[in-house]
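Colleague: If you scroll down you'll find the structure; I have some questions about it.
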Amino acid sequence: MIMSTPSRSPALALCSVISAGILWGTISLYIRPLSHFGFTMGQVVFLRSLVALGLTGLFLWVRCPEKFLISPRDIWLFVGSGGISVCCFSWCYFHTISRGFAAVGGVLLYTSPAFVLLLSRLLFRERWTSRKLASLGLILLGCLLVSGVGFSQLALPWDILAAGLASGFLYALYSIFATLALKKYTLPTLLFYTFFFSALAGLFTLSPIQTCQLCLQHPQSLLWIACAGILGTALPYLLYSWGMARTTPGKAAILVAVEPAICTILGFLCYGEETSPGRLLGILAVLTAIVLLGTAKEES
């Protein structure tokens, strides 16, 4: 059984969380081709959850089929981690960026470490250290600089603000539900039922027939779907959950915020997106926060 306790190898746990953030930062490499083929963001959310579900289900079936068993009274934990957090956070986030507010969406999404710190303090008595608060400040500043928000006139509709903040809060809830679930269940069980309820929730928002038709019309899309499900979903959630269980939710939530910096770097290298000294300074702020928090001593 995996418990949410500090690891005997803190460096490995921190590297695991940071690696998850890097992999999540590459998700645009798979989403852009799928969008070109005509897949909606809702379909992408469903399909990547479905691939991750199949992968974790196969692992459980082969290695430890007894781990499929969970108590009915604990289902709410996995509805929370999958149906509420993973699925609903994705919908709120994609609603923000689909309206042309990608930069704002990125900033509001990474208010999530603040929510995690607050909830972890209330639920798990996690300590607020000066390094955590300083790192959180650097993360928020870095995301602001990377997005470019604040350097141009931007009228922000109320629904975009609400959806963006909701995405940050819902994103944060995964750390909370996962921490609670890992006190009773193994990591493969957590991931399987998280992806199960994420896929189930997504299924009610799309047409399965139309989705299958798109896959048949564009067979090459199956490769990108597989990459989104494995490299952009299953593997990063595995790394993040494993590392979080061996450090603290608040610390993990801050470290994984390397994601927007990776998005910016890939946008510049792969798509020729415009960069600026402000964005480079934002990346530096994120990396500084990670070093600052990563060199802190483990707390009990």
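The values are calculated or read from the model by the stated rules, or taken from the named source; none is laboratory data. Model, not experiment: these values are computed from the prediction. Using ideal geometry, Cβ is built from the backbone for each residue, glycine included, and neighbour counts are taken over all protein chains shown. Remember, those area values only see protein heavy atoms, side chains included, never the ligands or the DNA or RNA. Shrake-Rupley method; radii C 1.70, N 1.55, O 1.52, S 1.80 Å.
Colleague: Only residues that are under 19 Å from the mean Cα position of the chain (by Cα), at pLDDT below 80 and of a type in the set (A, V, I, L, M): list them for segment 258-276, please.
Modeller: A261, I265, L266
Colleague: Among (1) within 23 Å of L53 (Cβ to Cβ); (2) surrounded by fewer than 24 Cβ atoms within 10 Å (Cβ to Cβ), there is one condition C263 misses while meeting the rest; what is its number?
Modeller: Result: C263 fails condition (1) only.
Colleague: Of the residues that sit in segment 22-53 and are among the small types (G, A, S) and over 19 Å from the mean Cα position of the chain (by Cα), which one is nearest to L239 (Cα to Cα)? Walk me through how you get there before you give the answer.
Modeller: Let us first name the residues in segment 22-53 that are among the small types (G, A, S), namely 25, 28, 35, 38, 42, 49, 52.
Add one more test, that the residue is over 19 Å from the mean Cα position of the chain (by Cα), and what stays is 35, 38.
Working: S35: 27, G38: 30 Å.
Among residues in segment 22-53 that are among the small types (G, A, S) and over 19 Å from the mean Cα position of the chain (by Cα), the one nearest to L239 (Cα to Cα) is S35.
Colleague: For residues in segment 57-75 being of a type in the set (V, I, T) and closer than 19 Å to F177 by Cβ, which is most open to solvent (accessible area, probe 1.4 Å)?
Modeller: I75
Colleague: Within segment 115-128, can one find any residue that is touching a residue at least 24 places away in the same chain (Cβ under 8 Å) and over 20 Å from L255 (Cβ atoms)?
Modeller: No, there is no match, as no residue in segment 115-128 is touching a residue at least 24 places away in the same chain (Cβ under 8 Å) and over 20 Å from L255 (Cβ atoms).
Colleague: Only one of (1) open to solvent by less than 40 Å² (accessible area, probe 1.4 Å); (2) over 23 Å from W242 (Cβ atoms); (3) aliphatic (A, V, I, L, M) is not met by L191, so which one is it?
Modeller: Going through (1) open to solvent by less than 40 Å² (accessible area, probe 1.4 Å); (2) over 23 Å from W242 (Cβ atoms); (3) aliphatic (A, V, I, L, M) one by one, L191 breaks only (2).
Colleague: Consider A114 carefully, then state whether it is assigned to a helix (DSSP H, G or I), at pLDDT below 85, within 30 Å of G267 (Cβ to Cβ) and of a type outside the set (S, T, Y).
Modeller: Against the criterion (assigned to a helix (DSSP H, G or I), at pLDDT below 85, within 30 Å of G267 (Cβ to Cβ) and of a type outside the set (S, T, Y)), A114 qualifies.
Colleague: Taking the options A166, A199, A226, name whichever one is of a type outside the set (D, E) and either buried (at least 22 other Cβ atoms within 10 Å of the Cβ) or touching a Leu at 6+ places or on another chain (Cβ under 6 Å) (or both). Break it down stepwise before answering.
Modeller: Values: A166 fails: either buried (at least 22 other Cβ atoms within 10 Å of the Cβ) or touching a Leu at 6+ places or on another chain (Cβ under 6 Å) (or both); A226 fails: either buried (at least 22 other Cβ atoms within 10 Å of the Cβ) or touching a Leu at 6+ places or on another chain (Cβ under 6 Å) (or both).
Answer to the selection: A199.
Colleague: Taking interchain pairs and intrachain pairs at least six residues apart, which have beta carbon atoms under 6 angstrom, with the first residue in segment 222-237 and free of Cβ contacts under 8 Å to residues at least 12 places away in the same chain and closer than 24 Å to P249 by Cβ and the second buried (at least 24 other Cβ atoms within 10 Å of the Cβ) and of a type in the set (F, W, Y)?
Modeller: Going by the 6 Å Cβ cut-off, there are no qualifying pairs.
Colleague: Also: Filter segment 241-254 down to the residues that are open to solvent by 10 Å² or more (accessible area, probe 1.4 Å) and under 12 Å from S19 (Cβ atoms) and list them by number.
Modeller: Of all residues in segment 241-254, those open to solvent by 10 Å² or more (accessible area, probe 1.4 Å) come to 242, 246, 248.
Listed by number, the list holds a single entry, W242.
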